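The next block holds one structure in the form of structure tokens; read it before the comments.
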Amino acid sequence: MHVLILLLVLKILEAKSDVALLGAVNAAGDLISLSGTGHIIPTMETKKKLFDGLLRFVSINRTMCAFERFKAGLRTLGVLDALKDHPHGFRRIFTYEKRIINATIVESMFDVKNSLSLEGSNKRKEESLVLSFWRDYLIDAEEHETDASLTDIVVFATGLEDDPPLGFIPPPSLDFIRGDDESRILPVANTCANILRIPVAKSYAVFKSLMDFGVMNSAGFGQV
């Protein structure tokens, strides 16, 4: 409900005198005409009835046409029937509920299997070590022992604070970035492809420092 409309309606209910009520009714004249409540003579005794009629019009009747069109659209391919049969399954799609993310949730967001080198190779050994650093880093972030929070990490990698109801498209993936000087290898994110490239470091202290610096100094597109 529009705030200005709500204020007009509330002034009628909250009027303490006939003069105040008349002023409120005059201010809401167009709304009263549209709602069909003009037959109610405004007095201190009938103001509640007038308020209820206006509120019903604004919150229900005025939006009924749009609501019926919305339902008609949902009938396409049987979505409306599925929604009625499985309301809990559709709840996250139609209602917003802020989720508290933890290290396990963030780790599960990113697929890494397509980025791993050949089993038994030196690169694979490096990657396995870095993945353990990654898990430790997420745990530290959950426990507020890093500069970057878990939300900061997700935003850096995807541009969003949490996965959307229908999931990320494409699904987020984890990759590795190497360099001659490990102290200068910063994490890189491609938020269009949802790819996070984490630095290959030989120690957790270096990895943590690089991740903190990279994530927390990415103001701009990565923070949109």
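With respect to the cross-link table entries LYS98/LYS208; LYS11/LYS71; LYS49/LYS71; LYS49/LYS84; LYS16/LYS47; LYS16/LYS48, which display a Cα-Cα separation exceeding 22 Å? Cα-Cα > 22 Å for LYS98/LYS208; LYS11/LYS71; LYS49/LYS71; LYS49/LYS84; rest within. Electrostatic bookkeeping for GLY167 treats Lys and Arg as +1 and Asp and Glu as -1; over the other residues with beta carbon under 14 Å from its beta carbon, the sum is -1. Solvent exposure of the chain amounts to 63 Å² per residue of accessible area, where only protein heavy atoms count and the probe is 1.4 Å.
How much length is gained if the chain between VAL3 and ARG56 is pulled fully straight, taking 0.36 nm per residue apart and subtracting their Cα-Cα distance, in nm to one decimal? Can you show the working numbers first?
Working: separation 53, 0.36 × 53 = 19.08 nm, distance 1.54 nm.
Taking 0.36 nm per residue and subtracting the Cα distance, the gain is 17.5 nm.
Spread over its residues, the convex hull of the C-alpha atoms of the chain is 202 Å³ per residue.
When the solvent-accessible area of segment 80-214 is split by element, carbon and sulfur atoms take up 54 percent of it, the probe being 1.4 Å.
The listed residues HIS2, HIS39, once ranked by accessible area (1.4 Å probe) with the largest placed first, stand as HIS39, HIS2.
Working note: Karplus 6.51/-1.76/1.60 with θ = phi - 60° gives segment 88-104 the couplings 5, x, 9, 4, 5, 6, 9, 10, 8, 9, 5, 9, 8, 8, 10, 4, 5 Hz, where Gly and Pro are set to x.
Considering only LEU6, TYR137, ALA189, and ranking their Cα positions along the charge dipole of the chain that arises from unit charges at the beta-carbon of Lys, Arg, Asp and Glu, the one farthest toward the positive end is LEU6. Among residues other than SER203 with Cβ under 13 Å from its Cβ, the summed charge is -1 (Lys and Arg +1, Asp and Glu -1). Placing MET211, MET109, MET64 in order of accessible area, with the largest value first and a 1.4 Å probe, yields MET64, MET109, MET211.
The GluC sites (Glu not before Pro) of segment 21-113 that DSSP puts in a loop, and whose beta carbon has at most 15 other beta carbons within 10 Å, are GLU45, GLU97. Taking the Cα centre of the chain as reference, the dipole from Cβ charges on Lys and Arg (+1) and Asp and Glu (-1) amounts to some 1100 debye. Pull out a ≥ b ≥ c, the square roots of the eigenvalues of the alpha-carbon gyration tensor of segment 1-75, then state rounded if a/c is under 1.5, prolate if not and a/b is larger than b/c, and oblate in the remaining case. Since a/c reaches 1.5 and a/b is larger than b/c, the shape of segment 1-75 is classed as prolate.
The values are calculated or read from the model by the stated rules, or taken from the named source; none is laboratory data. Here the structure is a predicted model, which is why all the values come from computation and not from measurement. FYI the Cβ positions are ideal-geometry reconstructions off the backbone, even for glycines, and counts take in every protein chain you see. For the accessible areas, the whole protein counts, side chains as well, though only heavy atoms, and no ligand, DNA or RNA atoms are used. Shrake-Rupley method; radii C 1.70, N 1.55, O 1.52, S 1.80 Å.
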